[in-house]
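Down below is the structure, laid out as structure tokens.
The values are calculated or read from the model by the stated rules, or taken from the named source; none is laboratory data. Just so it is clear, the model here is predicted, and its values are computed rather than measured. Please note: Cβ atoms are built from the backbone with ideal geometry, for glycine as well, and neighbour counts cover all protein chains shown. In case anyone asks, the SASA skips ligands and DNA or RNA and just uses the protein heavy atoms, side chains included. Shrake-Rupley method; radii C 1.70, N 1.55, O 1.52, S 1.80 Å.
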Number of protein chains: 2
Amino acid sequence: MDTKIEPWAEPRKAKKRVRRTRSSVQKIPQCRTDERKARVRRVVERRQRDLRLIVANVHDPHNVSAMLRSCDAFGVNAVDLYYTDTKFPNLGKKSSASAKKWVEQRRHTEPSVLIGGLRSKGYQILSTGFSERAQPLTAWDLTKPTAIMLGNEHRGVDPELDALVPDQIFIPMMGMVQSLNVSVAAAVILYEAFRQRDAAGMYDLPAYDPDEIDAMVEDWCRR
Amino acid sequence: MDTKIEPWAEPRKAKKRVRRTRSSVQKIPQCRTDERKARVRRVVERRQRDLRLIVANVHDPHNVSAMLRSCDAFGVNAVDLYYTDTKFPNLGKKSSASAKKWVEQRRHTEPSVLIGGLRSKGYQILSTGFSERAQPLTAWDLTKPTAIMLGNEHRGVDPELDALVPDQIFIPMMGMVQSLNVSVAAAVILYEAFRQRDAAGMYDLPAYDPDEIDAMVEDWCRR
């Protein structure tokens, strides 16, 4: 069997472990090769500064992990975690294959701070829902600064957030079952955002200044 | 909190149970209302006869269930299950909210029968992969009769299938992690197929003959 990387295969565990001595533990890890550094730079240059995901009381850590993986894949740089009824999710250890390491996480417990903060930066905020005000995902211009909000697996977006976010987005569904898994829904919406932004050339020109990119590359190489 | 149905929310458990007596057990269930029947008909009319998913040795039943749910959502009528190293997946009980009930499943253990059968019906068969022959998903015309093949979470598509399916499709990924969850990947590819087919008006005109549709509606009402 050939050893190609399947686009959907689970990441393999790292095969080599660096044996740590007392002195090596103190060293700051760096990108070991120029190739690695170039790869990090290429990913950083494609990061979409103004595309965000709000994960609001999504309980299953597998769902949250899958959502972070989709964020990484489609160039979302930061995720807003809003947790009011449980602790913030424990996303497991930071393996090099984990998207947790590559997607910034910001923690929130105050709806007005979360939503007000994004609005003050000019974001359109789209909550997933099926009310009369909901529009299908292709009807929204997702090349604008956009934050997509997904809520709990069972009860949806909580009322205190719903009250602050009138705009709703939905995935057209042709079937008998009126729902998709929350991480699947996040991936489909982020893919549509990717598709629109890719068509507009937004992955070809970096969203960050050269200085910011250099600093991000240095930082990521240390992770 | 309002009671809108979130597009991604987990299906709720049925609230009512029909109390079964010896006589009621014998009755064949029917669509109880004209509304229900009309809804079933609307879904059947949108089913895409020539869009298929091949699920090849995907082990986690949660992934298989999520894939069936995405099939139902985007109008895929039948799934080919190929299992050679474990039993066919146990997809739990047939709750009314389960996509298992609405997506036909065909079981295979012979690669040549599976692939040859689809080819003889004129299907293009696309395996997920990153080889030199792989093309991004927007480069494929998914309005053609198409079967998408996804393989095991860890080892990908098995060599005996890979040898029969040279055409590969991949989801462009902009991140550090080179993979997506298998059910997420299936959903994104099926969404792209939906998007192309919807733009071509393929959900507006039924793929089945009026007689077939009537028979399917009767059958589905009995489920």
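A few remarks follow.
- Dipole check for segment A:79-165: with +1 at the C-beta of Lys and Arg, -1 at the C-beta of Asp and Glu, and the Cα centre as origin, the magnitude is about 540 Debye.
- Residue by residue along A:58-69, Cβ atoms of other protein chains within 10 Å of the local Cβ number 2 on average.
- Three-way shape label, segment A:85-160, alpha-carbon gyration tensor, a/c 1.5: prolate
- Shape of segment B:183-223, Cα gyration tensor, a/c cut at 1.5: oblate
- Sorting the segments B:162-173, B:45-56 by their residues' average number of neighbouring beta-carbon atoms within 10 angstrom, most packed first, yields B:45-56, B:162-173.
- Note: relative contact order over segment B:26-159, using C-alpha pairs below 8 Å and six or more positions apart, is 28 percent.
- Between residue A:211 and residue A:49, the simple spin-label model (points 7 angstrom out along Cα→Cβ) gives 1.2 nm.
- Area of residue B:33 that stays accessible when all protein chains are in place (1.4 Å probe, Å², to 10): 70 Å²
- Think of each Lys and Arg Cβ as +1 and each Asp and Glu Cβ as -1; about the Cα centre, that makes the dipole of segment A:40-97 roughly 380 debye.
- Accessible surface buried once B binds A (1.4 Å probe; total of both sides; Å²): 5900 Å²
- The residues of segment A:169-223 present an accessible area of 36 Å² per residue when probed at 1.4 Å with all protein chains retained.
- DSSP bridge pairs, segment B:99-223: antiparallel proportion in percent, nearest 5: 10 percent
- Across segment B:45-105, C-alpha contacts under 8 Å between residues 6 or more apart give a mean separation that, scaled by the residue count, equals a relative contact order of 41 percent.
- Over all other residues within a Cβ to Cβ distance under 9 Å of residue B:140, the charged ones net out to -2, with Lys and Arg as +1 and Asp and Glu as -1.
- Rounded percent of accessible protein surface that carbon and sulfur make up, segment B:64-202, 1.4 Å probe: 51 percent
- Each copy carries residue B:30; placing its label point 7 Å along the C-beta direction from Cα gives inter-copy distances of 7.9 nm, listed from smallest up.
- Sorted from closest to farthest, the other copies place their residue A:107 label points 4.9 nm away, with each point set 7 Å from Cα along Cα→Cβ.
- Distances in nm from residue A:218 to the matching label points in the other copies, shortest first (labels 7 Å along Cα to Cβ): 7.5
- Solvent-accessible area of residue B:205 with every protein chain in place, 1.4 Å probe, in Å² to the nearest 10: 130 Å²
- Heavy atoms of residue B:220: accessible area, 1.4 Å probe, square angstrom to 10: 10 Å²
- Among the GluC sites (Glu not before Pro) in segment B:84-168, those placed in a DSSP loop whose Cβ has at most 15 other Cβ atoms within 10 Å are B:132.
- Farthest towards the positive end of the charge dipole of segment A:130-207, among the residues A:159, A:169, A:149, is the Cα of A:169, using unit charges on the Cβ of Lys, Arg, Asp and Glu.
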